[in-house]
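The values are calculated or read from the model by the stated rules, or taken from the named source; none is laboratory data. Predicted model, so just to flag it, every value in this text is computed and none were measured. No Cβ is skipped: glycine too gets one built from the backbone with ideal geometry, and neighbour counts run over all protein chains shown. All accessible areas refer to the heavy atoms of the entire protein, side chains included, with ligands and DNA or RNA removed. Shrake-Rupley method; radii C 1.70, N 1.55, O 1.52, S 1.80 Å.
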Amino acid sequence: MSSGTLKIEWAAQYMPVLAAIKKQFVRDKPFAGMTIGMALHVEAKTANLVSTLALGGATVHITGCNPLSTQDDVAEALNEVKNVHCYAKRGCTVDEYYAAIEKVLDAKPVITIDDGMDLIHYIHTRRRDLIKKVIGGCEETTTGIHRLRSMAAEGKLEFPVIAVNDTPMKRFFDNVHGTGESALSSIMITTNTLIAGKYIVVAGYGFCGRGLARKAHGLGAKVIVTEIDPRRALEAHMDGFMVMTMEEAASIGDIFVTTTGNVAVIGPTHFRKLKNGAILSNAGHFNVEIDIQWLHKNAGTVIQREGIETFMLKGKAIHVLAEGRLVNLATPKGMGHPIEVMDLSFALQALCTLHIAKNGKKMKGGVYEVPQDIDEQVANLKLSSLGLSIDTLSREQKKYLCSWDIGT
Ligand SMILES: NC(=O)c1ccc[n+]([C@@H]2O[C@H](COP(=O)([O-])OP(=O)(O)OC[C@H]3O[C@@H](n4cnc5c(N)ncnc54)[C@H](O)[C@@H]3O)[C@@H](O)[C@H]2O)c1
């Protein structure tokens, strides 16, 4: 068996929720005759989503959503799966990245699944011939949803897209626990340095930032949070973390992780203040949070190690991981989120794709929430796979929760 197939099978054994959905798809073939176009991180968990859709009758064309996150052996193995075509390649140039997106779109998909919105952006700007054919799409991540909402606000989103990221069963687990654990484990395995006792600076106390801060604290780090939202800053403070500006944190931090979905979070004024040997990394979707271009232009010798670039600035070494791209996926040993959280995220993707296949034609262009019953179905499937039971509302409790006339 190839190494890619072994990885895919390894992941499959910890994906019981997707397996239950796969069974249903194999039986019902809900995507028969449909072509699905995808731009996601091509690794073992994603491959299980792809085969679930293909077994449901779809022809799937997939490429990556980041030049450094593809696992080539998994991409190769995917090309062996019936009705699946994979164009992703690790380390591709930006031109090659978009050429692969073109290939996915040449297959004329009727449903799109994106992580970061590059596919939908390309359709709306460069392949407008396809717009009328697309029933709808699904989006996986916060940054993709930001972009979609901006597009929708300008009236430019011409088909319906489900904001998979924004539902509790995604954000509470994938963003918090997935990013929290996988970003730290990637930093640890890439640098082989200790977390305990270090100052870890987390930029952004959103879903991903909270996970990172908590997990780093659990490993014994002294966690500093930087924010621009006063409520989230206060939340971080009351959760027990130090809160300060990046300018203040720059001279204190040992390891930095940006997770804001914003641009230029660590830039020249901060670089000048960093300690010798500071480690910079990013867990946000795009490689724009750390101003690497400035470092390339202004810093001296660049030393390349596996997954680490070292810049020399006025005698100080500044280490940047994975070229400032998603540290949990883009370092050579980065495995991405733990399998169990992607089981939930991809179960949502599979069921939302089904929702679009059934209802997309009746939905107008715009961003849609994940239907509540899908979110609950995924939670119930996961609970039952864990053998956990929960209470159900009694008739009296249901009535009480809907009433307004029972007070003191
Ligand atoms: N690494 C991964 O695998 C992975 C997984 C999920 C999401 N993401 C990406 O991570 C990013 C964050 O996602 P999220 O769900 O946590 O988003 P979020 O909106 O919940 O949180 C982002 C936080 O960053 C803060 N922020 C914005 N600009 C800032 C600045 N200049 N300095 C400090 N804080 C700032 C915001 O106020 C907010 O609290 C997005 O780009 C998302 O796509 C990555």
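Listing for the model above:
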item: Subset of the range 230-248 that is within 10 Å of the ligand (Cβ to nearest atom) and in contact (Cβ under 8 Å) with a residue 24 or more places away in the chain - its residue that is nearest to TRP294 (Cα to Cα); result: MET246
item: The listed residue being farther than 28 Å from LYS45 by Cα and within 16 Å of the ligand (Cβ to nearest atom), out of ILE131, ILE145, ILE187, ILE200; result: ILE200
item: Qualifying positions in the range 1-18 - of a type outside the set (Ser, Thr, Tyr), in a helix (DSSP H, G or I) and surrounded by fewer than 18 Cβ atoms within 10 Å (Cβ to Cβ); result: LEU6, GLU9, TRP10, PRO16
item: Criterion violated by ASP343 - all others in (1) under 20 Å from the mean Cα position of the chain (by Cα); (2) outside the structural domain of GLY116 (by TED's automatic domain parsing) satisfied; result: (2)
item: Scan of the range 230-259 for residues that are open to solvent by 70 Å² or more (accessible area, probe 1.4 Å) and of a type outside the set (A, V, I, L, M), ordered by number; result: PRO230, ARG231, ARG232, HIS237, ASP239, THR245, GLU247, GLU248
item: Number of positions in the range 43-67 that are surrounded by fewer than 24 Cβ atoms within 10 Å (Cβ to Cβ) and either among the hydrophobic types (A, V, I, L, M, F, W, C) or free of Cβ contacts under 8 Å to residues at least 24 places away in the same chain (or both); result: 2
item: Hits in the range 46-67 (condition: small (Gly, Ala, Ser) and not in a helix (DSSP H, G or I)); result: GLY56, GLY57, ALA58, GLY64
item: Candidate set: the range 277-329, residues that are hydroxyl-bearing (Ser, Thr, Tyr) and in a strand (DSSP E or B); chosen: the one nearest to the chain's Cα centre (by Cα); result: SER281
item: Search result, residues across the range 148-183 that are touching a helix residue (DSSP H, G or I) at 6+ places or on another chain (Cβ under 8 Å), open to solvent by 40 Å² or more (accessible area, probe 1.4 Å) and within 12 Å of the ligand (Cβ to nearest atom); result: ARG171, PHE172, PHE173, HIS177, GLU181
item: Test: THR125 is within 14 Å of the ligand (Cβ to nearest atom), open to solvent by 10 Å² or more (accessible area, probe 1.4 Å) and outside the structural domain of VAL265 (by TED's automatic domain parsing); result: no
item: Among the candidates GLY315, GLY336, residue that is out of contact with any strand residue (DSSP E or B) (no Cβ under 8 Å at 6 or more places or on another chain), near the ligand (Cβ under 10 Å from one of its atoms) and either under 30 Å from ASN380 (Cβ atoms) or among the small types (Gly, Ala, Ser) (or both); result: GLY336
item: Selection count, the range 68-105, where residues are surrounded by fewer than 18 Cβ atoms within 10 Å (Cβ to Cβ), of a type in the set (D, E, K, R) and in a helix (DSSP H, G or I); result: 6
item: Some residue of the range 318-337 being under 25 Å from PRO168 (Cβ atoms), modelled with pLDDT of 95 or more, open to solvent by 20 Å² or more (accessible area, probe 1.4 Å) and of a type outside the set (A, V, I, L, M); result: yes
item: Within the range 357-405, tally of residues that are closer than 25 Å to CYS138 by Cα, outside any helix (DSSP H, G or I) and open to solvent by 100 Å² or more (accessible area, probe 1.4 Å); result: 2
